[in-house]
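Novice: Mind having a look at this structure? Questions to follow.
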Amino acid sequence: MLDKFGRNDLCWCGSGRKYKKCHSIMDEQIERYRLRGHEVPQRKLLKTKLQIEGIRESSKINIALLDFIGDYIIDGVSTEELDRLIYEKTKELGGIPADLHYEGYPKSSCISINDVVCHGIPSKDVFLRNGDIVNVDLSTIYNGFFSDSSRMFCVGSVSPEKQKLVDVAKECMELGIEQIKPWGFLGDVGQAVNDHAIKNGYSVVEEIGGHGIGLQFHEEPWVGYVTKQGTGMLLVPGLVFTVEPMVNMGKADIVTDTGDNWAVYTVDGKPSAQWEKTVLVTETGHEVLTY
Ligand code: MF3
Ligand code: CO
């Protein structure tokens, strides 16, 4: 529950204004939703202006890294070589790869090819091949602030079927992001994502989702993409989370690699595609921080 601030105290958001002239109206609105039974964000999830500035700076490095690595996505390169380049460039830009040593994860990036849904561990024995579709997922810490995004890349010329999967997965993410506005719900995002995937004959992974982000790598809320409109956490200005649906060409079922305990595959062996952006809920709608 949101604790009460003295009306003449300085607002918790750091604006320097009195609480009654700043966030008190918003807090009361949130409380009304809570009383009606909705899940609402705790205040600690709502970022202050300064924190948003920090996450924005981190996001700039995060997307610069994806821009950078795009040039190296070619037939024959090993995923370990890509990971090394990402590590070096992250350091050069003053950042830290958030993936490295996260819960024992051994590398600085996740590189997931074809039927690998996510969390592919870069390896000297895995090479990109002409016709592959590949997701590069990068998470960055800069000045203590976290950002996270991923893109699909096509190696050489890919089949029309795979190209369509890549394109539709991107549209799913974009349609999900379009839903994000204050006093909407997290479920609106999943509904839009899932509707578009199903319309194209695809399925959306259920067990793995997005997450709040900013002060830590993975914060609340958990963000599912098969959710229903009007359900889930209330969206409030200052909330920052990722939109990162995984769209499968075949069935939604997934299985985790029993050898490395990280890589996730489609059970039916068909390809999967994912795009990810970090998004801020603003007063009027949303801002994509990792544009
Ligand atoms: N970047 C992933 C995400 O979008 C998380 C990867 S965790 C790792 O949430 F340890 F596998 F790197
Ligand atoms: Co993420």
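The values are calculated or read from the model by the stated rules, or taken from the named source; none is laboratory data. Since this is a predicted model, take the numbers as computed values, not measurements. Positions of Cβ are generated from backbone atoms using ideal geometry, with glycine treated the same way; all protein chains shown enter the neighbour counts. Surface areas here come from the heavy atoms of the whole protein model, side chains and all, with no ligands, DNA or RNA. Shrake-Rupley method; radii C 1.70, N 1.55, O 1.52, S 1.80 Å.
Novice: Figure the gain on full extension for residue 195 and residue 130 (residue separation times 0.36 nm, minus the Cα-Cα span) and round it to one decimal in nm. Don't jump to the answer; show the numbers that get you there.
Specialist: Numbers: separation 65, 0.36 × 65 = 23.40 nm, distance 3.12 nm.
Gain on stretching residue 195 to residue 130: 20.3 nm.
Novice: Here's something else I'd like to know. Lysines within cross-link reach of residue 20: Cα-Cα under 17 Å, excluding same-chain residues under 8 positions apart?
Specialist: Qualifying lysines at Cα under 17 Å: 4.
Novice: Mind checking the per residue accessible area of the range 45-290 for me, 1.4 Å probe, whole number of Å²? Working shown, then result.
Specialist: Values: 9790 Å² over 246 residues.
Averaged over the residues of the range 45-290, the accessible area is 40 Å².
Novice: Considering the chain as a Gaussian network with a 10 Å cut-off on Cα pairs, which listed residue, 111, 55, 198, attains the greatest mean-square fluctuation?
Specialist: Largest GNM mean-square fluctuation: 198.
Novice: Where is the GNM fluctuation largest for the chain (alpha-carbon springs, 10 angstrom cutoff): 246, 173, 26?
Specialist: Between 246, 173, 26, it is 26 that shows the largest mean-square fluctuation.
Novice: I would also like to ask the following. Give, as a single signed number, the net charge of other residues whose beta carbon lies under 13 Å from the beta carbon of residue 74, with Lys and Arg counted +1 and Asp and Glu -1. If you can, show how the numbers build up before the last one.
Specialist: Working: positive: 129; negative: 71, 75, 81, 132.
Summing Lys/Arg as +1 and Asp/Glu as -1 gives -3.
Novice: Stretched out fully, how many nm does the piece from residue 10 to residue 163 gain, at 0.36 nm a residue minus the Cα gap?
Specialist: Here the answer is 49.8 nm.
Novice: Could you work out how far apart the two model spin labels at residue 67 and residue 267 are, taking each label as a point 7 Å from the Cα in the direction of the beta carbon, and quote it in nm?
Specialist: For residue 67 paired with residue 267, the spin-label model returns 4.2 nm.
Novice: For residue 260, put the label point 7 Å out on the Cα→Cβ axis and report which residues of the range 92-125 keep their amide N under 12 Å from it.
Specialist: It comes to 105-113, 116-125, nothing else.
Novice: Distance check, please: which entries in 44/170; 60/170; 47/228 exceed 29 angstrom between their Cα atoms?
Specialist: 44/170
Novice: Per-residue counts of other Cβ atoms within 10 Å, averaged by peptide: what ranking do you get for 271-279, 102-110, 42-50, highest first? Before the final figure, lay out the partial values.
Specialist: Numbers: 271-279: 25.6, 102-110: 18.1, 42-50: 15.3.
Taking the mean over residues of other Cβ atoms within 10 Å, the ranking is 271-279, 102-110, 42-50.
Novice: On to the next question. Could you let me know the centre-to-centre spacing of the range 257-291 and the range 100-156, using Cα atoms, in angstrom?
Specialist: For the range 257-291 versus the range 100-156, the Cα centre distance is 11 Å.
Novice: Here's something else I'd like to know. Suppose R0 equals 22 Å; then what is the FRET efficiency for residue 101 and residue 218 from their Cβ-Cβ distance, rounded to the nearest 0.05? Show your work: numbers first, answer last.
Specialist: Values: r = 14 Å, r/R0 = 0.65.
Efficiency at R0 = 22 Å is approximately 0.95.
Novice: Shifting gears a bit: Hey, any idea what % of the chain's accessible area is carbon plus sulfur with a 1.4 Å probe? Kindly include the intermediate steps, with their values, before the conclusion.
Specialist: Values: 6670 of 12970 Å².
For the chain, the apolar C and S fraction of the accessible surface comes to 51 percent.
Novice: Moving to a separate point now. Is it possible to state the helix-based mean residue ellipticity at 222 nm for the chain, with each DSSP H run of 4+ residues giving -39500 (n - 2.57), the sum divided by total residues, to the nearest 500 deg cm²/dmol? What is it? Each step should come with its number before you reach the end.
Specialist: Values: 5 runs with 81 residues, N = 291.
Taken over the chain, the calculation gives -9500 deg cm²/dmol.
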